[in-house]
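Each remark here refers to the structure printed beneath this line.
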Amino acid sequence: MRIAVFGGLGALASEFVVQAMVAGHFVSWFIHTDDELSDTSLEAPTYSDAIRIVHGSSDILSKYQEVIAGCDAVVVAFDARYTQPSSWVHQQRLIQTAMRRESVQRLLVITTHGAGDSQRRLDWSTWAKLNVDQVRYMLLGQAEMCWSLVAQYSAQENVVTGSETLEARNGSSSSSSGADSDDKPPHPDWALQWTILRPGLLTEGPVTGTYLASHDHIFGGHISYADVSDCAIKALEENMDIGECFSVAYSARVA
């Protein structure tokens, strides 16, 4: 399988790239212009049959198309340490526009436990762990600096599922700049085939395969980057339920 990966040098995207290559898949990886790979050998011709690395601005549609061209599926795993959360919605729209233009339908998006309709199961302590910087800003009285990771992931999910409001769509479109115009009509047979994974709190650790992926909302729990990547690869290989959201964690407790 040929898989396009968005998420820059984030821990989850990087782990997924490694595991996908080991599993024999070809990876097309988008990395922001200012980011530098710790292992530059991946860009050598030696690996050209296993990986394609595209450097570019996250606001240029043609770069997204370059990454997605010739792929069978797209994986999105944004990380706040490498991608500004306030840009996630805009980037998700560009990804889906590029997918349509390149006639790629399969999309797997990794967000977080607490996003979307799982938010009602998100307790305060888990929210705080997900939003450490936000707690600090609030304590310092810098409310204007606050953005909730959970809220940004939820807004991203709305783009994926097609449930964002027209007001939100128009508001973002009018404030964005630098993207190519979207003037290509959809392919008559094109339809987005999405799956969303919502992992618990992310930790370091090896692949164990002992996690639970459930339609129900897992209450609490944690999971390693490695096991989330393992789940994502299996979701693509086994064509995990399309149009569904799955909570993923080690915890066996589900709501």
Fill in: Only listed residue being without any contact (Cβ under 8 Å) to a residue 40 or more places away in the chain, surrounded by fewer than 18 Cβ atoms within 10 Å (Cβ to Cβ), closer than 19 Å to Leu107 by Cβ and not acidic (Asp, Glu), chosen from Val54, Val22
Val54
Worksheet entry | Inter-residue pairs, beta-carbon under 6 Å, first under 12 Å from Ile60 (Cβ atoms) and of a type in the set (S, T, N, Q) and in region 86-108, second open to solvent by less than 20 Å² (accessible area, probe 1.4 Å) and not in a helix (DSSP H, G or I), 6+ apart | none
Item to complete: Starting from residues that are among the small types (Gly, Ala, Ser) and open to solvent by less than 10 Å² (accessible area, probe 1.4 Å), keep the ones in region 78-114 and report whichever is modelled with the highest pLDDT.
Response: Ala98
Worksheet item: Among the residues of region 212-219, is any touching a residue at least 24 places away in the same chain (Cβ under 8 Å) and under 21 Å from Ala23 (Cβ atoms)?
Response: yes
Item to complete: Could you tell me which of the residues Leu42, Leu37, Leu9 is modelled with pLDDT of 90 or more and outside any strand (DSSP E or B)?
Response: Leu9
Item to complete: Would you check if there is a residue in region 84-97 being in a loop (DSSP other than H, G, I, E, B) and in contact with a strand residue (DSSP E or B) (Cβ under 6 Å, 6 or more places away or on another chain)?
Response: no
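The values are calculated or read from the model by the stated rules, or taken from the named source; none is laboratory data. Note that the structure is predicted; figures quoted are calculated from it, not measured. Methodologically, a virtual Cβ is constructed for each residue, glycine included, from the backbone with ideal geometry; neighbour enumeration extends over all protein chains shown. Surface accessibility is based on the protein's heavy atoms, side chains included, excluding ligands, DNA and RNA. Shrake-Rupley method; radii C 1.70, N 1.55, O 1.52, S 1.80 Å.
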